[in-house]
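This report concerns only the one structure given below.
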Amino acid sequence: MYSRIQDLANAVVRRQLDRRNFLRRAGQLGIGASAATYFLNQAQSTALAQDFDWQKHNGTTIKLLLNKHPYADAMIANLETFKSMTGMDVTYDVFPEDVYFDKVTAELSSGGGNYDAFMTGAYQTWQYGPAGWLVDMNEFISDASLTNPNYNWDDILPNLRASTAWSGVPGAELGGEGAKQWAIPWGFELNSIAYNKRVFDEHNLTPPNNMAELMETAAKISTDVDGMYGVGVRGSRSWATIHPGFLSGYSNFNERDFTMENGQLMAAMATPGSKSFHADWVKMIQESGPRDWATYTWYQVGTDLGAGASGMIYDADILGYFMNGGENAEAGNLAYHAFAPNPEASAPTPNVWIWSLGMSNFSTQKEAAWLFMQWASGTDHALFGARDMDFVNPVRQSVWDDQAFQDRIAKSYPGYLEQYEASAPGSKIYFTPQPLFFNLTTEWASMLQQMVGNEVPVDEGLDQLAESVNRQLRQAGI
Amino acid sequence: MDGSRRPFMRKALPYLLSLPALLVCIGILIPFGTAVYYSLQRYNLAFPMTRGFIWLENYTLLFTDPAFWNTVRVSLLYTLYTVGFELVLGLGIAMLLQRRSLFNNMMSILLLLPLMIAPAIAALMWKLMTNPGFGILSYFASLLGFPDFKWASASSSALFTVVLIDIWVYTPFMMVLLLAGLRALPRQPFEAAELDGVPQSFVFFRITLPMLTPYIITATLFRMLESIQQFDIIYAMTQGGPGNTLMAFQVAAYLERYQYTNVGRSAAILMVLWAITFLLSNLFIKQWLRLRERARGMG
Amino acid sequence: MERQTTTGRVVRVMLLTLVGLFFLFPIFWVLLMSFQTNQDILRIPPSIFFEPTLGNYKALISGRLESTAGVLEIRFMNNLMNSVILAVSSVALSLLLGIPAAYAFARFKFRLGEDIAFTLLSFRFAPPLLVLLPLAIYFQQMGLIDTYIGLIWVYQLITLPLILWIVRGYFEDISEDIEHAYRLDGNGWFKTFLHIAIPLAKPGIAAATLLSFIFAWNNFVFALILASADKQPVTVGALAFVTASGIQYGQIAASIVLSVTPTLLLALYAQRYLVEGLSLGAVKG
């Protein structure tokens, strides 16, 4: 069917068939107008792309810095395609995630041009961008002579494009006025609930629909199910503890990290709403979280769910996705559920993590690096990764619309697509961009640890946190 | 040393012999100077526009920050506990293995095994062993009546846990140096004491310990240097947490530098660490030199 | 020289058993774990009965971990090789530089001698991060970043002071008489050093070599900051088994076992010198 419709679309491009007849015959094949138009657009840009010179940097070698991650694995698996298409060579360094970001910072701050492009998160660009280590990708995306006509930048989900663009003014809206595109979204995760359906069914549990139910269900699992605790969330002394489930839930109650007062960023963690959310969160971990929560990174959260040590997680959706495969004991038993903790909220508000590709400002072969980046973030590779590898969640709308991808997910990951569709509209980065992100968010996590450890009452802890955050902002001149 | 027919060569020889080592190390001194310079600057990589010379402001900010004094406290406590326990334990084991026998020699090699496991990896190992689910130590703890012992993830037991790991890794180092010392001790005073029927405790405190002091000083010096600069074990276990329970010097400096990109503050923290290390080491080395001079004088 | 009564012997054996348990049980447990699959390891409560598998070692040595989730590339053997290269060359360089210097400090009273010796030792005082902070930038400019040579140079901070301190102590404890006699026979200084002094100091040199090798082997942070992935030692490589599709505990255990093997072999080889060689310029009767 696909080859038929593609043939038809190509016929339109060659002017052998007009548009109206094309749509009619597509209809006969059972393909709706919007899908047919998509194929037509694709055929047209393919034709245009034949004019684009992928071979321009034939013979050039570029070097990448990568995190040990399924996204990187998918790219490496498809790398020959890029090499043969461009005649370029690509070498890469892969580091374990435990040390990956430190390595990137070390590398960029020594001013070396060892790597041309690298994997980064959006938060990191709030540091790297102002430091002058990144290239504003707008310069390349908008240059028709450097970007292949097939690239279709607008196909990348608008929230993600905005979330990776920032003007550098602390507190300014992401993707707002004067924003520089510091990175290209590559793959992303939003936060929802993944749960052990086998256990939920055995104990007649239903996935929770608000914070109270989450706490209740988690507590029930901890007491009723032998050798299992209720809910897995991260807890290590790191910004990564704040950004997944925690901030998603926090934002669902309309709480913010900062507010703008008289043109100054002010900490907003000490509001009554924030205090009550923190109190619930702390109670949930104390009652039904992992016992060594304070060392939990996403690996422990995931491994526990996969091994059947936890009943559910409120974390990245793709973490639950990864755990449903491989050699995990509970592979095949996991299910997914969109989650809005605030009973008054109309929809979930997941904070997103976007693995992106950034270009080093110290690279001496930026055009060649851009060739690689547009291939790696392009539709063809995204489709390959989403259909055949674990390159999910895809950042392109066209991939979400792809039937083969949808079929694959629906078959092996029940409820995942529904979870995504319910979560996606409200998903974006809910942090306020500012260069002290890591400093202040790590301090937030540290304070959370002290609250969970009963070293400081929630109210007092948040007052202290807000005071310390404000002091540091002023010290840095923000 | 005589015998050289060329007086110049004779004079220059010791310098020629020690110079290459010195030169190789001097190269490392240049970055040290640069670090001093950084510590006097407002220098955060994410704020390139505000970089500038601020004299001692980084230091005054540190000294007025309770978090910094917490760091000083954590590092000193860590050093005190680890070096203290390792010294006592290492000395005890060395005395158990003092007699030369095949069994004792094999045992001393086997006991060296933990030292051969890199601290970063040892921390990984202990993480596995203290895992509340399948960790063997958590299992033992529950058998002993502590079903809920949280090891590194509760602030009440975090210091205990990392100190335990440090003791596990580094006691063998202490042990082997002190064992060498014990075996090198002259026999006469001990034989005389035995003939006179002097009680063993007297022998230990009045003969063994004083004669062993140079070894103790050396072993303690090397251990102290490493303990006060501890990074691998703490960072791998908790990254300084829970809360700020384990925020030792190098952990704090590492976070400032590689995660918060605050080079100036990081350099200032490390300079304070260097100053403390230098002072403590000087005390030890002075003492060591004095003992040695006295020993030479006697011999 | 200690009185061996029956109770004394019993107490001694008991204490040694306790000591052995504390220091060796963790290693034994990890050794067991390295022959288990992830499912066996994650079983609650832990058990010592399981069907041993060589899968973890096979995966590490062949560099490929095949699972239902696909093939995972592992570069552990590469990391192991890097550790060997870095530790062996660093120690070798330190011996080359350190032994003559140690000899000079032990045998000659010269102006600034103690000062130079102290300066060299004091490099050990500088916190590694303090040096790394600007060093990465200098290395970048000098083209030494991401080279073995650059790393070996920095490793001297760990290995050289230790070798100097131990070997110097040993030289000081050897009587000068034999060297004198040899030189009176008309042999030059260098020949004496090579044929008499060094062989006599062999136990000290062996012990110093072993200890500094261990400390070089165990380093984590230098290579992490200064080199690319293909020059990382095992200490960094062992982190690679924490993957998105779960933590590979069995392979972590196997990698720990493999990473200890080279040092253990060296230790077994050097064991007869280890204790005898660590005479630290102390009191000799």
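Count the net charge of all other residues whose Cβ sits under 10 Å from the Cβ of A:ALA369, scoring Lys and Arg as +1 and Asp and Glu as -1. Let's see the in-between values first.
Details: positive: A:LYS63, A:LYS366; negative: A:ASP116, A:GLU367.
Neighbour charge sum, excluding A:ALA369 itself: 0.
How big is the convex hull of the Cα atoms of chain A, per residue, in Å³? Before the final figure, lay out each step's value.
Working: hull volume 74.0 nm³, N = 478.
Value for chain A: 155 Å³ per residue.
Average 1/r across all pairs of distinct alpha carbons in the range B:193-299, invert it, and you get the Kirkwood radius: 16.9 Å.
Modelled spin-label separation between B:ARG187 and A:GLN16, with each label point placed 7 Å from Cα along the Cα-to-Cβ direction: 10.5 nm. Checking the a/c ratio against 1.5 first, then a/b against b/c, what shape does the Cα gyration tensor give for chain B? Oblate. Pairs of alpha carbons in the range A:118-176 separated by more than 15 Å make up 55% of all such pairs. For chain A, which longest stretch is free of loop sites, where a loop site is one of the GluC sites (Glu not before Pro) that DSSP puts outside H, G, I, E and B and that has at most 12 other Cβ atoms within 10 Å? Free of exposed loop sites, the longest segment is A:1-176. For a straight C-alpha distance cut-off of 19 angstrom, the aspartates and glutamates reachable from A:LYS283 (same-chain residues fewer than eight places away being disregarded) are A:GLU213, A:GLU216, A:ASP224, A:GLU255, A:ASP292, A:ASP315, A:GLU455, A:ASP459, A:GLU460, A:ASP463, B:ASP148.
Pairs from the table (A:LYS411/B:LYS127; A:LYS275/B:LYS150; A:LYS103/A:LYS411; B:LYS127/B:LYS286) lying more than 28 angstrom apart at Cα are A:LYS411/B:LYS127; A:LYS103/A:LYS411; B:LYS127/B:LYS286.
Quick one: grab the alpha carbon gyration tensor of the range C:76-277, order the square roots of its eigenvalues as a ≥ b ≥ c, and give me rounded if a/c is under 1.5, else prolate or oblate depending on whether a/b is larger than b/c. Prolate shape, in that a/c is at least 1.5 and a/b is the bigger ratio. Measuring between their Cα centroids, the range A:183-203 and the range C:152-180 lie 59 Å from each other. Rounded to two decimals, the Cα-based Rg/Rh of the protein assembly as shown, with Kirkwood Rh, is 1.01. Comparing C:VAL257, C:VAL131, C:VAL11 in a Gaussian network model of chain C where C-alpha atoms under 10 Å apart are linked, the largest mean-square fluctuation is found at C:VAL11. Based on DSSP H segments of at least four residues, each scored -39500 (n - 2.57), chain C has a per-residue ellipticity at 222 nm of -21500 deg cm²/dmol. Remark: the range A:274-411 is approximated by an ellipsoid whose semi-axes, taken from the C-alpha gyration tensor as √(5λ), come to 33, 21, 17 Å, largest first. D by Stokes-Einstein for the range C:127-240, Kirkwood Rh over Cα pairs, 10 °C, 1.306 mPa s: 96 µm²/s.
The alpha-carbon positions of the range A:2-49 define a convex hull whose volume is 58 Å³ per residue.
At most 11 other Cβ atoms within 10 Å plus a DSSP loop assignment makes a site exposed; report the longest stretch of chain A without any exposed trypsin sites (Lys or Arg not before Pro). The partial results should precede the final answer.
Numbers: sites that count: A:ARG14, A:ARG15.
Counting only loop sites that pass the neighbour cut-off, the longest clear stretch is A:16-478.
Across all Cα atoms of the range A:98-145, the radius of gyration (one decimal) and Dmax (whole number) stand at 12.0, 39 Å.
Distance between the 7 Å Cα→Cβ label points at A:GLU173 and A:ASP51: 3.6 nm.
In this simple spin-label model, placing a label point 7 Å from the Cα along the Cα-to-Cβ direction at both A:ASP401 and A:ALA329 gives a separation of 4.4 nm. The mean count of C-beta atoms from other chains within 10 Å of the C-beta of residues in A:301-308, rounded to a whole number, is 5. If only the Cβ of Lys and Arg carry +1 and only the Cβ of Asp and Glu carry -1, the dipole of the protein assembly as shown around its Cα centre is close to 3720 debye.
If you count, for every residue in B:133-146, the Cβ atoms of partner chains within 10 Å of its Cβ, what is the mean? Mind showing how you got there, number by number?
Working: counts 19, 12, 4, 9, 4, 5, 4, 2, 0, 1, 1, 0, 0, 0.
Mean inter-chain Cβ contacts per residue within 10 Å come to 4.
Please get the size of the charge dipole for the range A:2-49, origin at its Cα centre, with Cβ charges of +1 on Lys and Arg and -1 on Asp and Glu, quoted in debye to the nearest 20.
On the way: 7 positive and 2 negative charges, 31 e Å.
Dipole magnitude for the range A:2-49 comes out near 140 debye.
With a 10 Å cut-off around each Cβ of C:188-194, the average count of Cβ atoms from other chains is 2.
For the range B:1-105, the equivalent ellipsoid derived from the alpha-carbon gyration tensor has semi-axes of 42, 35, 11 Å in decreasing order. Working note: Karplus 6.51/-1.76/1.60 with θ = phi - 60° gives the range C:104-121 the couplings 4, 5, 7, 9, 10, 9, 10, 4, 6, x, 4, 5, 5, 4, 5, 4, 4, 5 Hz, where Gly and Pro are set to x. Using all alpha carbons of the range C:193-243, what is the percent of pairwise distances in each 5 Å bin, ordered from the shortest bin to the longest? Here the calculated profile for the range C:193-243 is 4, 17, 17, 15, 12, 9, 9, 10, 4, 2, 1. Roughly speaking, what is the centre-to-centre gap between the range C:184-229 and the range B:242-265 when only Cα atoms are used, to the nearest Å? Rounded to whole Å, the Cα centres lie 35 Å apart.
Rule-based calculations on the coordinates, nothing more; no lab input. What you see is a predicted model; the values in this text were computed from it and never measured. With ideal geometry, Cβ positions are generated from the backbone for all residues, glycine too; neighbour counts draw on all protein chains shown.
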